[in-house]
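A short write-up of the structure that comes next.
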Amino acid sequence: MTAFPEIDRIPFEGPNSKNPLAFRYYDAGEVVEGRTMADHLRFSVVYWHTFRGQGADPFGPGTAVRPWEDGSDSVENAQNRARVAFEFIEKLGAPFYAFHDRDVAPEGSSLAETNRNFDAVVKVLKEEQQRTGIKLLWGTANLFSNPRYMHGAATSPNCEAFAHAAAQVKKAMEVTLELGGAGYTFWGGREGYQNLWNTDMRRELDHLAQFLHMAVDYAKEIGFTGQFYIEPKPKEPTKHQYDSDAAACLNFLRQYDLMEHLKLNLETNHATLAGHTMQHELEVAGSAGALGSLDANTGDLLLGWDTDQFPTDIYLTTQCMHSVLKYGGLSTGGVNFDAKVRRESFEPIDLFYAHIGGMDAFARGLKIAAAIRAEGRLEGLRNERYASWDSTLGAEIEAGKHSFASLEKLMLEKGDAAPNRSGRQEMLENLINTYL
Ligand code: XLS
Ligand code: NI
Ligand code: NI
């Protein structure tokens, strides 16, 4: 049985190709800055959008045509879907995938039954991983869909919701270990608040930290050495999510002594919802040594929610890959397409077009970023902007050899600071455009 009989493995055909089912820039084996594109980009397909998304919106039901679905919530249907997913990922040529526990298998009437359903599908995932060589980028648990988590999971005022979430994450970590996952992600689904009159923020944050410490402890206990990630998002589903942006996550991790255990999984549309650019978030995480993985997508300029569109903007992917290269590359992380096809793009083949476009956009971004770095003009001009810090005075201040008193003495003698230099913003923006 094949779900995509008309599609072969997506080939690389180069920039002149007119074939919409071919890569024009993503050539897995091409070497950039000493590593293959496949190794730099570590593309990953998400199960929740690509195999569970139905195209529903608040105004109408799903539109997606998925001929392999039998319409039931059975384990058999879930197992069959898993095989279809691997056929898709293999034909696309992405080396990784990512899933939530509840994406892959149906929830039963008790936790024990749910775990049995999960195991039955994990068996197929494992077989398919072995058959295809496709690997798990990260696993995660859905701690936000079931009504028991209406007030949050780790931050719920109901301690049994917390306990249930703990049991769920324990199982999801065991499965991630069994499938050889390179990481495990915590995205705070409903870990936030709708209203501060009914919220004990300090207590909720303490609980969230306790929860993450339990996960760290359990990883040690079972020998899971994959990377933990925390994924910032400012709002949706709650009005205010605690992990609102990279800076808030870093502050939380530092406050609760978790910095060494978690890195950040940054998502473009979450950055923009927070009023930041993705580049800003990448710099915040990267400069703190906490850049872990990317949830690659994009929002819509005119829509104010998490539209999770496939990234096609070369300027954006150039910024992403420039920061990734600058901070030493994605080691355990990847470029994970947390993106969904539009409701109007309802045919199975649209899933291919969407991912091919995203992969090509990132491959181009990688090549452009590498070209910028190879020429070094941008870096040179930026360093020049800070040249005063390499002078005697700058170096002395940086080395901690000055105080307010010594600097006051100096400035009283000089009378005023040396003139500033132009920031050259427009010139640098023009420079970047010469590489596009
Ligand atoms: C939702 C998040 C979610 C995480 C995984 O907005 O992006 O999909 O990536 O739980
Ligand atoms: Ni995400
Ligand atoms: Ni999202």
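FYI, it's all coordinate maths here, none of it is from the lab. Every value quoted in this text rests on a predicted model; they were computed, and no experiment measured them.
A few comments on the model shown:
- Rounded to 5, percent antiparallel among DSSP beta bridges of the chain: 20
- Dividing the convex hull volume of the alpha carbon atoms of region 309-436 by its residue count gives 174 Å³ per residue.
- Given in Å, the Rg to one decimal and the Dmax to the nearest whole number for the Cα atoms of region 371-436 are 16.5, 49.
- Beta bridge orientation in region 180-279: antiparallel %, DSSP, nearest 5: 20
- Under the Debye formula (equal points on every Cα, no solvent term), log10 I(q)/I(0) of the chain at q = 0.08, 0.12, 0.13, 0.14 Å⁻¹: -0.50, -1.04, -1.20, -1.37
- Binning all Cα-Cα separations of region 1-159 at 10 Å, short to long from zero, yields these whole-percent fractions: 9, 31, 33, 19, 7, 1.
- Among 231, 396, 191, residue whose mean-square fluctuation peaks in a GNM of the chain (springs only between Cα atoms under 10 Å): 396
- Rg over Rh for region 135-294 works out to 0.94, both radii taken from alpha-carbon positions and Rh defined as the Kirkwood radius.
- The Stokes-Einstein estimate for region 171-247, based on a Kirkwood radius over Cα pairs and taken at 25 °C with 0.890 mPa s viscosity, is a diffusion coefficient of 179 µm²/s.
- Cα-Cα over 26 Å, subset of 135/235; 91/170; 18/340; 235/263; 91/123: 135/235; 91/170
- Straight Cα distances below 20 angstrom link residue 401 to the lysines 409, 414, with same-chain residues fewer than 8 positions distant left out.
- Candidates 305, 389, 138: whichever shows maximal mean-square fluctuation once the chain is modelled as a Gaussian network with Cα springs under 10 Å: 389
- For region 90-210, the fraction of C-alpha pairs farther apart than 17 angstrom is 58 percent.
- When region 128-183 is reduced to its Cα atoms, the Kirkwood hydrodynamic radius in Å: 12.4
- Principal semi-axes of the equivalent ellipsoid, √(5λ) from the alpha carbon gyration tensor of region 247-380, are 25, 20, 13 Å from largest down.
- Percentage relative contact order, the chain, counting C-alpha pairs under 8 Å, at least six apart: 16
- Mean-square fluctuations from a GNM of the chain, with a 10 angstrom spring cutoff on Cα atoms, peak among 200, 57, 27 at 57.
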